[in-house]
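The values are calculated or read from the model by the stated rules, or taken from the named source; none is laboratory data. For clarity, every value in this text was computed on a predicted model and none was experimentally measured. Every residue, glycine as well, gets a Cβ built from its backbone with ideal geometry; the counts of neighbours run over all protein chains shown. SASA here: full protein model, heavy atoms, side chains in, ligands and nucleic acids out. Shrake-Rupley method; radii C 1.70, N 1.55, O 1.52, S 1.80 Å.
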Amino acid sequence: MVLLRRLRVISILRSDRGMEKWNEVDQYFATKFSLHDEILDKVQQNSHDADLPAISISACQGMFLQILAATRPDGRILEIGTLGGYSAICMARGLGERGRLVTVEFEPEHAKVAQNNFKLAGLEEKISLINDDAIDAMQKLIEHKVEPFDLIFLDADKQSYKKYLELALQLSRAGTLIVADNVVRRGEVANPATEDEKVLGIRSFCDSLEKKPNHRTTVLQTVGSKGYDGFSVTMVGKA
Ligand code: DHB
Ligand code: MG
């Protein structure tokens with residue numbers, strides 16, 4: 001018993017040290033590659049001051065999304081789950097003159113903070129925020145036959161990811177990238193016995209992708225200031 005307890009303590013200590021290291025490395029690269037600036041820092045500060053949950057993507061992840069956006073500079077981006085607007089700003093910065101981003105947020109308080117942050121970032125012309133339930137909003141976009149999106153970023157409630165995927169595919173064309181945040185969940189995604197609702201949501205999202213062999217999918221596992229998690233990246237294939 002004592003030995004078991006000691007082993008558990010050691011493993012907790014080790015994982016804490018691991019996380020500290022991940023954080024340090026995230027900071028190292030964010031500084032090295034100038035991934036923070038006054039506006040992004042203020043955006044995060046505003047979100048913090050408004051008591052939004054501290055779950056936005058990291059600076060390194062933000063640049064990853066910005067680079068994806070920049071591969072389609074005249075493109076259209078759809079984001080599900082705006083939070084305080086940090087990721088939308090990162091992506092919108094990758095767009096050129098004609099590129100546009102639509103972001104959907106359910107929580108009115110989050111939407112308010114995000115809209116203010118878009119203004120602060122000088123991006124309110126490029127970004128349209130829809131304050132609505134994401135499924136309703138996506139269904140409306142489908143009904144209105146909007147032009148397909150080039151990049152879709154899913155980052156809202158994990159329980160609905162499967163539904164978001166189904167709707168995202170209807171808003172896509174061949175070549176659209178669908179990126180989903182938080183698909184690893186500290187590795188719990190690979191635990192078939194999980195009872196965590198969020199992980200179950202991710203697992204059924206993955207099951208849906210498994211049945212779509214004409215779309216290419218991979219997952220980039222990540223560690224860093226956001227702990228151990230990851231992005232899935234799907235390139236939509238021909239219908
Ligand atoms: C959670 C949600 C997120 O989008 C995230 O990046 C981290 C955690 C959550 O709901 O627990
Ligand atoms: Mg997330």
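Overview of values
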item	result
Calculated P(r) of region 47-111 - Cα pairs past 19 Å, %	31 percent
Calculated from backbone phi, Karplus (6.51, -1.76, 1.60) coupling profile of region 67-74 in Hz, x at Gly/Pro	5, 4, 4, 5, 6, 10, x, 9
For Phe106, solvent-accessible area (1.4 Å; no DNA, RNA or ligand), Å²	130 Å²
Computed magnitude of the charge dipole of the chain (debye, nearest 20; Cβ of K, R +1, Cβ of D, E -1)	960 debye
Angle in degrees between helix 2-32 and the longest Cα principal axis of the chain, rounded to the nearest 10	40 degrees
Share of carbon and sulfur in the accessible heavy-atom surface of the chain [1.4 Å probe, %]	54 percent
Principal-axis tilt of helix 197-210 within the chain, Cα atoms, nearest 10 degrees	60 degrees
Net charge over other residues, Cβ less than 12 angstrom from the Cβ of Lys158 (K, R count +1; D, E count -1)	-2
At most 11 other Cβ within 10 Å, DSSP loop - GluC sites (Glu not before Pro), region 82-156	Glu97, Glu125
Å² of accessible area per residue within the chain, as computed with a 1.4 Å probe and no ligands counted	55 Å²
Relative packing of 89-95, 230-236, 33-39, which averages over residues the other C-beta atoms within 10 Å, highest first	89-95, 230-236, 33-39
Net charge contributed by nearby residues that have their C-beta within less than 9 Å of Asn182 (K/R +1, D/E -1)	+1
Distant-in-sequence amide H partners of Ile152 (H built 1.01 Å from N, under 5 Å)	Leu78, Leu177, Ile178, Val179
Extreme residue, positive dipole direction of the chain, given options Cys60, Ala121, Met235 (C-beta unit charges)	Met235
³J(HN,Hα) computed for each position of region 164-179 - Karplus, 6.51 cos²θ - 1.76 cosθ + 1.60, integer Hz, glycine/proline x	4, 5, 4, 6, 4, 5, 6, 9, 10, 9, 4, x, 4, 9, 10, 10
Signed unit charges on C-beta, dipole axis of the chain, positive-most listed residue Tyr164, Ala111, Ala88	Tyr164
Separation between Cα centres of region 219-239 and region 12-74, rounded to whole Å	15 Å
Volume per residue of the C-alpha convex hull in the chain, rounded to whole Å³	136 Å³
Mean Cβ neighbour count within 10 Å, used as a protection proxy, ranking 207-217, 69-79 highest first	69-79, 207-217
The chain, helix-only ellipticity at 222 nm - DSSP H runs n ≥ 4, -39,500 (n - 2.57), divided by all residues, nearest 500	-14500 deg cm²/dmol
